[in-house]
1. For the structure I just gave you, tell me whether residue 87 is surrounded by 13 or more Cβ atoms within 10 Å (Cβ to Cβ), assigned by TED's automatic domain parsing to the domain that holds residue 143 and either more than 30 Å from residue 144 (Cβ to Cβ) or modelled with pLDDT of 90 or more (or both).
2. Taking segment 91-108 as the search range and keeping residues that are surrounded by fewer than 20 Cβ atoms within 10 Å (Cβ to Cβ) and within 13 Å of residue 150 (Cα to Cα), which one is modelled with the highest pLDDT?
3. Does residue 61 count as at pLDDT 75 or above and either in the same structural domain as residue 140 (by TED's automatic domain parsing) or exposed (fewer than 14 other Cβ atoms within 10 Å of the Cβ) (or both)?
4. Could you please give the count of residues in segment 137-156 that are under 16 Å from the mean Cα position of the chain (by Cα), assigned to a strand (DSSP E or B) and surrounded by fewer than 14 Cβ atoms within 10 Å (Cβ to Cβ)?
5. Does residue 130 satisfy being part of a strand (DSSP E or B) and modelled with pLDDT under 95?
6. List the pairs whose first member sits in segment 143-154 and is without any contact (Cβ under 8 Å) to a residue 24 or more places away in the chain, whose second member is part of a strand (DSSP E or B) and crowded, with 21+ Cβ neighbours inside 10 Å, and whose Cβ atoms are under 9 Å apart, counting only residues at least 6 apart or on separate chains?
């Protein structure tokens, strides 16, 4: 039964790309949408945490109460994370990252306040991992990190080096 929902390239509904999510949201919002809208809404909620406030309500009811829709950008921002510890850093700092939809070019960049690169890690298609930066060689100060996917900044923040 799951096979009927598989893409021709072998992916299933839990493996759609970011460019396919808006189409799934469009199908879920059709009123009356019938079973296609219900299935699209279930897929969005179960696999991508984009849920309506009133699950299970019939799609043919035009007065259906819904919580505000989470936009794709909001869902991606929530799902793409970088935890930084310890902050401030003395001898090292860890960057624990998690990427919802892995792209072909994931990069974690560390830059100083002048915009100069301190460290650049090519993460490839990894969905999660940890990178450690040796901060003993860095002067005290504020530094920035950016999680970049296919040349687009997805997450960023700052940390302090204090010896």
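1. Details: surrounded by 13 or more Cβ atoms within 10 Å (Cβ to Cβ): yes; assigned by TED's automatic domain parsing to the domain that holds residue 143: yes; either more than 30 Å from residue 144 (Cβ to Cβ) or modelled with pLDDT of 90 or more (or both): yes.
For residue 87, the condition - surrounded by 13 or more Cβ atoms within 10 Å (Cβ to Cβ), assigned by TED's automatic domain parsing to the domain that holds residue 143 and either more than 30 Å from residue 144 (Cβ to Cβ) or modelled with pLDDT of 90 or more (or both) - is met.
2. Here is the first cut: in segment 91-108, the residues surrounded by fewer than 20 Cβ atoms within 10 Å (Cβ to Cβ) are 91-92, 94, 96, 98, 100-105, 107.
Remaining after also requiring within 13 Å of residue 150 (Cα to Cα): 101-105, 107.
Details: 101: 72, 102: 68, 103: 61, 104: 70, 105: 81, 107: 92.
Checking each candidate, the answer is 107.
3. Values: at pLDDT 75 or above: no; either in the same structural domain as residue 140 (by TED's automatic domain parsing) or exposed (fewer than 14 other Cβ atoms within 10 Å of the Cβ) (or both): yes.
Judged against the criteria, residue 61 is not a match.
4. 3
5. Working: part of a strand (DSSP E or B): yes; modelled with pLDDT under 95: yes.
Considered against the rule, which asks whether it is part of a strand (DSSP E or B) and modelled with pLDDT under 95, residue 130 comes out as yes.
6. Within 9 Å, the pairs are 153/147.
The values are calculated or read from the model by the stated rules, or taken from the named source; none is laboratory data. In this text, all values refer to a predicted model and were calculated from it rather than measured experimentally. With ideal geometry, Cβ positions are generated from the backbone for all residues, glycine too; neighbour counts draw on all protein chains shown.
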